[in-house]
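Colleague: What follows is a structure written as structure tokens; I'll ask about it next.
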Amino acid sequence: MSCVIFGAGKIARGFIGHLLYLSGIDFVFVEKSDALADLINERKQYTVNILGNPEKNCVVKGAKALKFSEREEIAQAIARSDVVFDAVGGKNLSQIVPFLCAGIEEKAKSGGVLNLITCENWKQPADILRQGISEGIDGACRAYFESNVGITESVVMRSAIEADAELLKRDPLLVNVQDFWELPVDASRICKTLPDIMGIKLVEEFTGFLERKFYTYNAANGTTSYLGALMGYEKIADAAHDERILRILDGVYRETSKALSVKHGIPFAEQWAFTRTSLHKLQDYTIVDFIERNARDPIRKLGPDDRLVGSARLVESCGIRPENLCIAIAAALFYHRDTDEFAVKLEDMRRRMGIDYVLQNVCCLDPSGPLAMLIKEKIAYLKEEGYIRE
């Protein structure tokens with residue numbers, strides 16, 4: 001039994017690889033960065049630190065990686081695998097499709113079942129891979145692909161954070177991770193069965209679960225990050241303890257909880273309890289996570305279906321006025337970070353073209369519509385309160 005993991009970043013090493021190692025399953029990383037692949041092959045092991053529970057720390061031994069240039073070896077590794085995971089970032093999914101096509105074509109020769117599990121914080125990553133493979137695979141292997149390959153999604157709820165410089169000197173592959181062990185996976189798109197992998201939790205009603213997670217956890221994270229940035233915080237946990245932010249965050253949780261309860265028929269009390277797990281994570285001081293990392297790329301995170309605008313649209317569609325979500329959106333529109341090219345681009349766009357232009361071209365909102373008007377009202381509120389100074 002073996003697995004392939006596309007990507008060798010923090011989630012790949014600190015969650016997927018960690019779970020496979022603890023399950024006694026052999027695996028290999030496939031990594032675009034030659035330097036990272038070389039480091040893994042040179043050191044052959046890395047440390048996973050469990051934040052707040054050091055007794056659970058683990059050294060993952062026998063680590064190995066293939067480079068993108070090793071195309072034949074990658075195809076053979078996929079052919080020998082039972083499961084292929086990817087944690088490459090949603091923008092990079094198209095880059096791994098040719099490797100998956102070659103691997104599936106090779107596996108078709110010997111037969112057997114293969115499941116691909118996406119581990120991306122991205123919209124419909126499994127559909128992106130399925131379409132890409134369907135278009136690129138050799139016609140002779142199409143019947144095998146359609147009958148014996150499952151492509152499904154997971155929700156990564158363990159935070160993985162790079163260690164500080166001193167620790168990285170001793171182990172440059174070390175990852176600090178949250179003490180969270182479940183990897184929820186969409187059960188409906190699995191082909192036959194999965195191997196017994198520690199932490200995998202099969203979820204039948206996955207679409208509802210995925211939406212609940214995204215519009216609860218991600219919306220709260222965006223709210224805390226962008227308001228925290230305006231208020232001068234550097235760490236998520238510090239911002240999440242600020243009473244001013246907590247008041248708005250509580251409102252965001254209430255808005256999204258009411259909407260998700262209506263849409264998915266979930267009792268409000270059950271959804272509200274789910275928000276408490278989100279708040280606990282944000283306020284956990286053992287998870288030393290930085291606002292800069294979470295607020296990065298505000299243009300993507302202000303997209304029409306992403307954590308803030310997408311949440312506000314969902315709430316509005318359920319007849320609820322997204323007062324607090326619009327405060328978070330207003331804060332995100334004024335996010336400033338000189339080292340973030342997308343933040344710089346957003347700021348330049350806002351200054352030269354105006355808020356209406358950003359709302360229309362980034363958020364895909366009608367500048368004269370009720371949601372855009374509410375956002376502009378909240379911008380004025382943040383200026384009056386002194387959080388936005390321009």
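Colleague: Taking only pairs six or more apart or across chains, which ones have beta-carbon atoms under 6 Å, a first residue in segment 18-33 that is over 11 Å from V60 (Cα atoms) and not assigned by TED's automatic domain parsing to the domain that holds N49, and a second residue that is surrounded by 16 or more Cβ atoms within 10 Å (Cβ to Cβ) and modelled with pLDDT under 95?
Modeller: Sorted first by the residue in segment 18-33, then by its partner, the list stays empty.
Colleague: Looking only at segment 193-244, filter to residues that are without any contact (Cβ under 8 Å) to a residue 40 or more places away in the chain and part of a helix (DSSP H, G or I); which one of those is surrounded by the most Cβ atoms within 10 Å (Cβ to Cβ)?
Modeller: Only one residue tops the list, namely D238.
Colleague: Quick check on Y357: is it surrounded by fewer than 17 Cβ atoms within 10 Å (Cβ to Cβ), touching a residue at least 12 places away in the same chain (Cβ under 8 Å) and out of contact with any helix residue (DSSP H, G or I) (no Cβ under 6 Å at 6 or more places or on another chain)?
Modeller: Answer is no for this residue.
Colleague: Next question, about the same structure. State which residue pairs qualify: first residue over 14 Å from V155 (Cα atoms) and in contact (Cβ under 8 Å) with a residue 60 or more places away in the chain and inside segment 178-192, second residue of a type in the set (S, T, N, Q) and surrounded by fewer than 17 Cβ atoms within 10 Å (Cβ to Cβ) in any location, beta carbons under 7 Å apart, and separation of 6 or more residues or different chains.
Modeller: What qualifies is D179/N53.
Colleague: Moving on to the next point. Please go through segment 99-136 and give me each residue that is among the polar types (S, T, N, Q), part of a strand (DSSP E or B) and farther than 18 Å from I11 by Cα, ordered by number.
Modeller: N115
Colleague: Quick test for you: out of S278, S257, S261, pick the one residue that is assigned to a helix (DSSP H, G or I), surrounded by 18 or more Cβ atoms within 10 Å (Cβ to Cβ) and free of Cβ contacts under 8 Å to residues at least 12 places away in the same chain.
Modeller: Just one listed residue meets the conditions, S261.
Conditions (1) among the aliphatic types (A, V, I, L, M); (2) at pLDDT 95 or above; (3) not assigned by TED's automatic domain parsing to the domain that holds R296, marked per residue:
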position: P322; (1), (2), (3): no, yes, no
position: A328; (1), (2), (3): yes, yes, no
position: E341; (1), (2), (3): no, yes, no
position: K345; (1), (2), (3): no, yes, no
position: R352; (1), (2), (3): no, yes, no
position: D356; (1), (2), (3): no, yes, no
position: N361; (1), (2), (3): no, yes, no
position: L374; (1), (2), (3): yes, yes, no
position: R389; (1), (2), (3): no, no, yes
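Colleague: Scan segment 321-329 and give yes if some residue there is closer than 23 Å to N218 by Cβ and surrounded by fewer than 15 Cβ atoms within 10 Å (Cβ to Cβ), otherwise no.
Modeller: For segment 321-329, residues closer than 23 Å to N218 by Cβ and surrounded by fewer than 15 Cβ atoms within 10 Å (Cβ to Cβ): present.
Colleague: I'd like to check which helices (runs of 4 or more DSSP H) are fully inside segment 290-369 and have at least 3 residues that are among the small types (G, A, S).
Modeller: Helices (runs of 4 or more DSSP H) meeting the threshold: 309-317, 323-333.
Colleague: To continue, here is another question. Quick check: is even one residue across segment 48-56 surrounded by 15 or more Cβ atoms within 10 Å (Cβ to Cβ) and under 27 Å from A79 (Cβ atoms)?
Modeller: No, the conditions are met nowhere in segment 48-56.
The values are calculated or read from the model by the stated rules, or taken from the named source; none is laboratory data. As the structure is a computational prediction, the values presented were derived from the model and not from experiment. As a convention, Cβ positions derive from the backbone with ideal geometry for all residues, glycine included, and neighbour counts pool all protein chains shown.
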